[in-house]
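All remarks here apply to the structure that follows.
The values are calculated or read from the model by the stated rules, or taken from the named source; none is laboratory data. Everything quoted here is computed from the prediction, not taken from an experiment. Cβ placement follows ideal geometry from the backbone for every residue including glycine, while neighbour counts extend to all protein chains displayed.
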Amino acid sequence: MIPSRIKLMVSAIALAGVLSGCEPAAEAPPKPINASEQPATPEQAAFNAEVNKQLDELYMALIERHPEWLTALGKKQDYDKWNDRSEAFEAETQTLLRRQLAQLRDIDNQQLVGETALSYQLYIDFLNDQVEDYKWRYHTYPVQQMGGLQSRVPSLLINQHRVESQEDALAYVARLYGVPALFEQLLAQLRKREELGIIVPKFIIPYVISDSQNLLKGAPFEVAESGEPLPDSTLMADFRAKVTALDLDEKVEQKLLDAAVLALTEHVKPAYQKLIAYLTELESKADNNAGVWKLPDGGQFYQTMLERQTTTDMTAEQIHQIGLDEVARIHEEMRAIMLETGFTGSLREFFQFMREDQRFYYPNTDVGRAAYLTEATALIENMKGRLDELFLTKPKAELKVKAVEPFREKTAGKAFYESPSLDGTRPGIYYANLYRMSNMPIYQMEGLAYHEGIPGHHMQLAIAQEIEGLPLFRKLGNYTAYIEGWGLYSELLPKEIGLYQDPYSDFGRLAMELWRACRLVVDTGLHDKQWTREQAIAYLSQNTPNALNDAERAIDRYIVLPGQATTYKIGMNKILELREHAKSQLGEKFDIRAFHDVVLTHGPLPLDTLATQVDAFIEQYQKQ
């Protein structure tokens, strides 16, 4: 997730001309084999294969308890159900996790080698974290503007629930009928947190209410005063489009549409109205304290979140200082670009110029939004033509650029990526939030397209899903510092092959890196140093060229997702550190394509494990 690109007066045609002048890729080196130890005997190989199979079975046992997860993976099992969010279900899950741990500890892990040994240890660590973090299960905000359940319901139905048959349509309707029971569980979770004093900050609640109210606009929820039918609501429009595309018998089609209308009006609407009523009451009990320091054992919880998110043992103070140092360094690089453009004021005045000059923004119209999507797609297509210079392995899954849907665009993040389905039938999606075009400067468009699309999240996450021979949990690993670190590293990578030719574009790249450096400061400021929301917003506004509204939305995001914002810069710094280490050790033998293969073809990894893989890569190449 995060910021965007540049264009100023550089057109897509001019940029394409820059791209077409690149040198051809050098001959590819041999693809690096896994340098880890390999099975020594057929018996050992068979044992390792059996353990890999067992890991898949254990992980699938967890996935199959979560219908929404199955849908996200493109599977139609339990296609008519929502996840169970009850206390009893969570307790049962803990029992299952502990049983799996005991089962794995009975394995003679001394016989495991190579990737299997690594997979075994990673799954043990994953289970341990899930068990240890059970005590923090209430230290979350189930409704908030960043993927809260109020927006998760329509998002899953619209973007992940495919309707390819009458049965799929019936499953969609069944999910609509299931919303009241789902929201009863949600309300129970919210009331439990209320008892414990864990309430989302007051200023977040209006976002959730707004999301919920937006979903209830249009037919069949509303009727015009004239009695004329209104345009379909978000969900009705989605269901209608999917059903009419099936080419069913007209009577069958109408029955499905009538069933959806009934489900929406008699089940979905009351459920959302009940949630809105509760949140309206809750707002009067909430406070404006932003950080998780205010929660029970909040300091320990935040340190745990930092460790989980960054996969390091860094303290909040260490991360805060890294942020301050990085902000100072990037400001110096920005001053150099500012002078290159001929601007004669201070850096802060240059920031204001970049915020306010309309040449840096598409118009806040449908035409402007369409132009943004068109150029973002063109940037990604151009980058595809340069991949051979940087990569040996490339994703097979397609990538689609899409605007965030109207029902959640007012509160959703600036940009984010959604992985393709495992079977490749649903593409990866780069979402750009075009609700307010003043938040999406043209000079950041290039970096944002690279981060969310190619060579960023789509490159890394799609390749991970397509790796053969790894257990499924390795392909779907959620190590945020690795994933977001790669995304931020991917913004820099195109510069190293000659992109970002326009100085404003390069400034945009630095502006995005600066944004992530500032995150280290404000996240720890909010959750450790007890900064107020206003202090954090002021820091972002004063130290970056981003709009005030952009800073406000960003800070609200960091407030509800403690620690997540620190992962980008910590992860990028580690990848760059490992790359420089490999260069210094290998000298002329170093090939960036082989290095990227090592980073990308083991699936997401904790940062210390990634370092081990790079060390093995160095040792392998030194022997050649």
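Apart from one condition, residue 367 fits all of (1) under 29 Å from residue 157 (Cα atoms); (2) assigned to a loop (DSSP other than H, G, I, E, B); (3) free of Cβ contacts under 8 Å to residues at least 12 places away in the same chain; the exception is (2).
Only a single item in (1) modelled with pLDDT of 90 or more; (2) surrounded by 19 or more Cβ atoms within 10 Å (Cβ to Cβ) is not met by residue 426, and it is number (1). Would it be correct to say that residue 303 is free of Cβ contacts under 8 Å to residues at least 24 places away in the same chain and part of a helix (DSSP H, G or I)? The answer is yes for residue 303. Looking at residue 241, is it without any contact (Cβ under 8 Å) to a residue 12 or more places away in the chain, under 28 Å from the mean Cα position of the chain (by Cα) and under 23 Å from residue 269 (Cβ atoms)? In short, yes.
Residue-level check: of (1) within 26 Å of residue 196 (Cα to Cα); (2) in contact with a helix residue (DSSP H, G or I) (Cβ under 8 Å, 6 or more places away or on another chain), residue 135 misses just (2).
Of all residues in segment 318-338, those being within 15 Å of residue 568 (Cβ to Cβ) and either among the acidic types (Asp, Glu) or not in a helix (DSSP H, G or I) (or both) number 1. Looking at residue 335, is it surrounded by fewer than 19 Cβ atoms within 10 Å (Cβ to Cβ), out of contact with any His (no Cβ under 9 Å at 6 or more places or on another chain) and at pLDDT below 95? Spelling it out, it is not the case that residue 335 is surrounded by fewer than 19 Cβ atoms within 10 Å (Cβ to Cβ), out of contact with any His (no Cβ under 9 Å at 6 or more places or on another chain) and at pLDDT below 95. Can you find, within segment 461-508, the residue that is nearest to residue 391 (Cα to Cα) among those that are in contact with a Ser or Thr (Cβ under 8 Å, 6 or more places away or on another chain) and among the polar types (S, T, N, Q)? Looking at residues that are in contact with a Ser or Thr (Cβ under 8 Å, 6 or more places away or on another chain) and among the polar types (S, T, N, Q), I get 465. State whether one or more residues within segment 213-227 are in a helix (DSSP H, G or I), more than 24 Å from the chain's Cα centre (by Cα) and farther than 18 Å from residue 140 by Cα. So far as segment 213-227 goes, yes, one or more of its residues are in a helix (DSSP H, G or I), more than 24 Å from the chain's Cα centre (by Cα) and farther than 18 Å from residue 140 by Cα.
So is residue 263 outside any loop (DSSP other than H, G, I, E, B), surrounded by fewer than 18 Cβ atoms within 10 Å (Cβ to Cβ), hydrophobic (A, V, I, L, M, F, W, C) and modelled with pLDDT of 95 or more or not? No; evaluated as a whole, the condition is false for this residue.
Here's the yes/no breakdown for (1) modelled with pLDDT of 95 or more; (2) closer than 21 Å to residue 568 by Cα:
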| site | (1), (2) |
| --- | --- |
| 391 | yes, no |
| 413 | no, yes |
| 419 | no, yes |
| 435 | no, no |
| 440 | no, yes |
| 449 | yes, yes |
| 468 | no, no |
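Determine whether residue 118 is buried (at least 19 other Cβ atoms within 10 Å of the Cβ), touching a residue at least 40 places away in the same chain (Cβ under 8 Å) and part of a helix (DSSP H, G or I). Considered against the rule, which asks whether it is buried (at least 19 other Cβ atoms within 10 Å of the Cβ), touching a residue at least 40 places away in the same chain (Cβ under 8 Å) and part of a helix (DSSP H, G or I), residue 118 comes out as yes. Using the structure shown, decide if residue 193 is basic (Lys, Arg) and crowded, with 18+ Cβ neighbours inside 10 Å. Spelling it out, residue 193 is indeed basic (Lys, Arg) and crowded, with 18+ Cβ neighbours inside 10 Å. A count restricted to segment 243-260 and to residues that are within 16 Å of residue 162 (Cβ to Cβ), not in a helix (DSSP H, G or I) and not hydrophobic (A, V, I, L, M, F, W, C) stands at 1. Of everything listed in (1) more than 17 Å from residue 148 (Cα to Cα); (2) crowded, with 19+ Cβ neighbours inside 10 Å; (3) out of contact with any Pro (no Cβ under 7 Å at 6 or more places or on another chain); (4) of a type in the set (Lys, Arg), the single unmet condition for residue 408 is (1).
Step by step: first the residues of segment 128-157, then only those that are assigned to a helix (DSSP H, G or I) and of a type in the set (S, T, N, Q), then the one that is surrounded by the fewest Cβ atoms within 10 Å (Cβ to Cβ). Which residue is that?
Ranking the candidates gives 128 first.
When you scan segment 398-413, do you find a residue that is aromatic (Phe, Trp, Tyr) and closer than 25 Å to residue 507 by Cβ, even just one?
No - not one qualifying residue is present in segment 398-413.
For segment 139-193, a residue qualifies if it is in contact with a His (Cβ under 8 Å, 6 or more places away or on another chain) and either of a type in the set (A, V, I, L, M, F, W, C) or under 19 Å from residue 413 (Cα atoms) (or both), and the qualifying residues are 171, 176, 179.
From the residues in segment 530-554 that are more than 18 Å from residue 352 (Cα to Cα) and without any contact (Cβ under 8 Å) to a residue 60 or more places away in the chain, which one is surrounded by the most Cβ atoms within 10 Å (Cβ to Cβ)?
From segment 530-554, those more than 18 Å from residue 352 (Cα to Cα) are 530-536, 553-554; that's our starting set.
The next check asks that each one be without any contact (Cβ under 8 Å) to a residue 60 or more places away in the chain; those that pass are 534-535.
Numbers: 534: 12, 535: 15.
Result: 535.
Residues considered: 290, 277, 286. Of these, the only one that is of a type outside the set (Val, Ile, Thr), surrounded by fewer than 19 Cβ atoms within 10 Å (Cβ to Cβ) and under 30 Å from residue 317 (Cα atoms) is 286.
Looking at residue 373, is it more than 18 Å from residue 517 (Cα to Cα) and assigned to a helix (DSSP H, G or I)?
yes
Yes or no, residue by residue, for (1) more than 21 Å from residue 315 (Cα to Cα); (2) over 18 Å from the mean Cα position of the chain (by Cα):
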| residue | (1), (2) |
| --- | --- |
| 481 | no, no |
| 484 | no, no |
| 491 | yes, no |
| 499 | yes, yes |
| 526 | no, yes |
| 538 | yes, yes |
| 542 | yes, yes |
| 549 | yes, yes |
| 552 | yes, yes |
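Against the numbered list (1) in contact with a Phe, Trp or Tyr (Cβ under 7 Å, 6 or more places away or on another chain); (2) hydrophobic (A, V, I, L, M, F, W, C); (3) modelled with pLDDT under 95, residue 526 comes up short only at (3).
Yes/no matrix, rows are residues, columns are (1) surrounded by 18 or more Cβ atoms within 10 Å (Cβ to Cβ); (2) over 30 Å from residue 212 (Cα atoms):
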site	(1), (2)
304	yes, yes
322	yes, yes
347	no, yes
362	yes, no
379	yes, yes
383	yes, yes
393	no, yes
399	yes, no
412	yes, no
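Within segment 306-317, count every residue that is assigned to a helix (DSSP H, G or I) and out of contact with any Gly (no Cβ under 6 Å at 6 or more places or on another chain).
5
Based on what the data block shows, is residue 125 over 21 Å from the mean Cα position of the chain (by Cα), of a type in the set (D, E, K, R) and not in a loop (DSSP other than H, G, I, E, B)?
The answer is yes for residue 125.
If you go through segment 125-147 and keep only what is at pLDDT 95 or above and over 30 Å from residue 105 (Cβ atoms), you end up with 141, 142, 143, 144.
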